[in-house]
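Heads up, the thing below is written out as structure tokens.
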Amino acid sequence: MRFFNVMLAALLLCLLLPCCALGESADVSVLSPVEMAPETDGQVLDLYCGPTQGFYRHAEQTLDTGKPYVLFGQYDCWAMAAQSTADSFGPVGWVEAGSIPDIPYEPQLGFEDGFAAMVEETAPMTDNPLTEDPFDGWTAALEPGTPIIVLAQYGDWLYVQSELEDMPVRAFIMADTVF
């Protein structure tokens, strides 16, 4: 079954892949963190690698709303968030939006402009696009030829969806590793 899924993804990639190189014209959403004030009744929330509990969860990551944090937006009843400030945030993940009082409505993260692509060279995945070394911290690597969905961009990083340990995962990879 996995072989069938990989072949189907490769076929879709051939049909959907833009004709130009990614670096020349990647027209996907750009992620912009919005700083949130710490809550007086802060709570520690589970941080997932995607907008459901069915996504991979790395190292039992959490978000403490009693400390500074940033929001990138919402998808359905989930919010994309990270601990700290817009200039120094830590692991990016997803929390249940209903757990955050006074959550801003916008932006909605539908990732409708995402597209299929293929990893061209080994691409370490990270949940922290502010890292100077993509091999520092969480490093699961996508091998060349791995099909991905490019969802958004943050600086020189792409926010992508793939699979890890037979579970869906969303993480950042360097843009120059994708064809």
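The values are calculated or read from the model by the stated rules, or taken from the named source; none is laboratory data. Small disclaimer: the values here were computed from a predicted structure and weren't measured. As a convention, Cβ positions derive from the backbone with ideal geometry for all residues, glycine included, and neighbour counts pool all protein chains shown. All accessible areas refer to the heavy atoms of the entire protein, side chains included, with ligands and DNA or RNA removed. Shrake-Rupley method; radii C 1.70, N 1.55, O 1.52, S 1.80 Å.
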With all protein chains present, region 43-178 has a carbon and sulfur share of its accessible area (1.4 Å probe) in percent of 47 percent
In terms of the charge dipole of region 36-131, which places +1 on Lys and Arg and -1 on Asp and Glu at the beta carbon, the residue among Leu63, Met36, Pro101 farthest towards the positive end is Leu63
Candidate cut points under GluC sites (Glu not before Pro) in region 76-128, DSSP loop plus at most 15 other Cβ atoms within 10 Å of their own Cβ, are Glu112, Glu120, Glu121
In whole Hz, the Karplus estimates of ³J(HN,Hα) for region 66-71 (6.51, -1.76, 1.60; θ = phi - 60°; x where Gly or Pro) are x, 10, x, 8, 10, 10
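Only Lys, Arg, Asp and Glu count, each charged at its Cβ (+1, +1, -1, -1), so figure out the dipole size of region 67-159 about its Cα centre, rounded to 20 debye.
260 debye
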